[in-house]
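Below is one structure, written out as structure tokens, with a few remarks after it.
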Amino acid sequence: MIRFPLKALAWIFAGLCIVPIVAVGVAAAGGTLETWMRLTNTVMPRFIWNTVQLVVMVGIGTAAMGTGAAWLVTLCRFPGRRIYEIVLALPLAFPAYVLAYAYTDLLDHPGPVQSFLREVTGWGPRDYWFPEIRSLGGAALMLIFVLYPYVYLLARAAFLRQSPTAYFAARTMGHGPWSAFFRVSLPVARPAIAGGVILCLMETVADFGTVAHFGVQTFATGVYQSWFSMGDRAAASQLAFCLMLAALMLVVAENALRGGARHHQAGHRLETMTPHVLHGWRAVGATLACLIPVLCGFVIPLIVLTDMAVTSGQNPFAGRYLGFVQNSLTLASLAAVLTVTGAVFVGYRLRLAPGTAASATKILAGIGYALPGAVIAVGLLVPFAQLDNAVDAFFRETFGFSTGLVITGSIVLLLLAYMVRFMAAALSAFDTGMSAIRPNVDAVARTLGATTGGMLVRVHLPLMRASLLTAVLIVFVDTMKELPATLILRPFNFDTLAVQAYRLASDERLAQAAVPSLVIVAFGLLPVIILCRSIARTGNTGVSGQSLSAVPSVVD
């Protein structure tokens with residue numbers, strides 16, 4: 001029997017994770033029909049159209065770029081393949097909004113590219129046409145370059161796991177490499193590719209920093225503007241509800257695509273796929289296809305940001321910047337500990353007593369990954385602000401003093417938002433480690449008299465050190481990069497590196513924004529380096545579960 005505290009703790013964490021969904025739904029339902037009509041007649045069509053265009057472009061771009069790169073490095077041989085196999089994951093270190101700051105400085109009218117073009121040709125500002133980076137297409141490109149590694153990692157793992165039997169049969173029947181790829185390999189890998197694309201789309205729907213910087217009006221920007229710029233909390237709640245529905249629809253789509261496209265491997269995995277050795281223009285094409293995403297998603301923005309930071313004259317070791325770093329590290333550390341602790345309770349309960357209730361607890365706890373940060377912020381702020389006001393009123397009437405905003409005026413609510421947002425990533429890493437521990441280990445520990453808590457502390461947690469460290473690192477770095485929830489929920493005069501970068505970029509001080517942006521990227525490189533080392537170790541033998549623990553499963 002599981003002791004009651006474990007059950008209670010698992011349900012408490014799961015309950016906290018679904019508070020935003022319930023709160024946003026109640027707040028939206030409590031809004032007036034007049035607000036709905038006003039939104040429908042003014043901004044709603046534009047928000048829907050821009051969001052749909054962004055989703056379509058990012059979906060197509062990440063699917064093509066990620067799947068193509070995965071196929072080339074897995075089943076083809078060309079110069080630099082082993083290097084590209086590793087570095088194709090590097091763009092994960094960049095938040096999309098940081099990439100947007102770099103390319104705005106590079107490609108905007110006063111930037112070095114257009115300035116060089118005018119200097120060489122002698123053209124004036126109105127004598128030529130240049131693609132506008134501050135546009136819907138520009139925002140889509142930023143998101144594609146940052147998010148395609150989700151598809152790349154999952155597609156690569158799927159291709160490595162495939163048995164070559166069916167592929168060999170297709171080649172024997174006269175199909176060429178490309179025909180066999182589209183008819184055999186691609187359909188078998190479709191569930192993994194679909195899962196990666198859906199993850200990219202959820203990040204696209206949730207993105208705030210990129211679209212806000214480029215002036216693209218989506219649901220995410222609408223929620224923030226309604227809450228802060230216009231002070232219309234009813235409209236913000238209703239827009240957040242629409243955004244939440246879009247995210248949950250993507251979860252349903254991801255589940256349907258995975259569930260409806262399962263394939264069982266034929267043949268033995270010990271067989272090896274004969275690689276296609278590319279020569280001439282084919283080798284050059286494959287090299288460029290792998291080089292361009294790395295250049296555009298990592299190398300170029302890193303060079304641009306470094307140059308901006310050097311020329312800005314900012315001192316990253318000044319007391320003000322050290323304060324931003326301290327705030328960011330404090331939030332990230334506390335959020336990582338809180339989130340991983342919740343994941344341990346929820347996942348451990350499912351380990352000891354698998355069943356409908358335990359599975360439901362895990363699903364509810366992990367569904368927050370599908371919710372955009374702005375939705376989580378609004379969903380937490382509405383009920384906890386009422387709770388704060390009620391507690392303050394009670395203490396005023398009973399004891400004659402004010403408690404102030406104990407929850408909403410501190411970092412408590414912000415930590416809850418991070419936990420809700422990143423619980424799925426922590427659960428995914430926990431499952432990776434727990435699945436490697438055989439059930440007979442539990443039986444032996446029980447035979448030796450270990451209690452539930454003793455078995456967790458003395459047996460499971462030591463065996464899962466690597467997975468738990470990965471979970472802590474993932475949540476830590478994701479918290480460092482998180483922007484919309486931090487903007488809405490941060491206490492007064494408590495800015496983080498992400499908030500400072502956003503504020504400077506909003507004031508068009510892009511050079512100054514490069515300093516906090518580079519610090520964020522530096523922290524973002526930590527899990528990516530671990531991931532790249534894992535890819536290098538697995539080589540062509542397969543992919544370890546640990547290497548993909550950074551890509552959470554939305555629906556278990």
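The values are calculated or read from the model by the stated rules, or taken from the named source; none is laboratory data. Remember, predicted model here, so these are calculated numbers, not experimental data. With ideal geometry, Cβ positions are generated from the backbone for all residues, glycine too; neighbour counts draw on all protein chains shown. In case anyone asks, the SASA skips ligands and DNA or RNA and just uses the protein heavy atoms, side chains included. Shrake-Rupley method; radii C 1.70, N 1.55, O 1.52, S 1.80 Å.
Counting heavy atoms of the protein chains only and a 1.4 Å probe, report the per residue accessible area for the chain as a whole number of Å².
On a per-residue basis, 44 Å².
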In what sequence, highest mean first, do 124-135, 509-520 appear when ranked by Cβ atoms within 10 angstrom? 509-520, 124-135
Which FRET efficiency, nearest 0.05, do L288 and Q386 yield, Cβ-Cβ r, R0 35 Å? 0.05
Quote to one decimal, in nm, the extra length available between S410 and V252 on full extension: 0.36 nm per residue of separation minus the C-alpha distance between them. 53.4 nm
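In what order, largest first, do T486, T306 sit by accessible area if the probe radius is 1.4 Å?
Accessible-area ranking of T486, T306, largest first: T306, T486.
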Using unit Cβ charges (K, R positive; D, E negative) and no other charged atoms, how large, in debye to the nearest 20, is the dipole of region 430-503 about its Cα centre? 160 debye
Between the residues L510, A471, A234, the Cα farthest towards the positive end of the dipole of the chain, that dipole coming from +1 and -1 charges on the beta-carbon of Lys, Arg, Asp and Glu, is from A471
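Using per-residue counts of other Cβ atoms within 10 Å, averaged over each peptide, order 421-433, 288-300, 377-389, 494-506 from highest down.
Highest to lowest by the protection proxy: 421-433, 494-506, 377-389, 288-300.
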At R0 = 25 Å the Cβ-Cβ FRET efficiency linking R126 and E508, nearest 0.05, sits at 0.70
So for the pair S135, T306, with labels modelled 7 Å out along Cα→Cβ, what separation do we get in nm? 3.1 nm
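What do you reckon, how do T62, T470 stack up by accessible area (1.4 Å probe), largest on top?
Result, largest first: T470, T62.
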Using +1 at the C-beta of Lys and Arg and -1 at the C-beta of Asp and Glu, which of L371, V344, A29 has the Cα lying farthest in the positive direction of the dipole of the chain? V344
With label points set 7 Å from each Cα along the Cα-to-Cβ direction at T40 and N493, the distance between them in nm comes to 4.6 nm
With a 1.4 Å probe and all protein chains kept in place, how much accessible area does L405 have, in Å² rounded to the nearest 10? 100 Å²
Dipole axis of region 312-459 (+1 Lys, Arg; -1 Asp, Glu on Cβ), positive-most option in L329, T356, M434: M434
Tell me which DSSP H helices of the chain clear both cut-offs, 27 Å or more of axial length from alpha-carbon atoms and a mean Kyte-Doolittle hydropathy of at least 1.6. 4-29, 510-538
Report the calculated FRET efficiency for E397 and T330 (r = Cβ-Cβ distance, R0 = 25 Å), to the nearest 0.05. 0.15
Test of understanding: what is the full-extension gain from V56 to A8, defined as 0.36 nm times their sequence separation minus their Cα-Cα distance? 13.1 nm
Just how large is the dipole of the chain about the Cα centre, in debye to the nearest 20, putting +1 at every Lys and Arg Cβ and -1 at every Asp and Glu Cβ? 1840 debye
Once amide H atoms are placed 1.01 Å from N in the peptide plane, what residues at a sequence separation of 5 or more from C76, or on another chain, have their amide H within under 5 Å of its amide H? H276
Counting only protein heavy atoms and a 1.4 Å probe, tell me what percentage of the chain's accessible area is made up of carbon and sulfur. 66 percent
Using only Cα atoms, what Kirkwood radius does the chain have, in angstroms? 25.1 Å
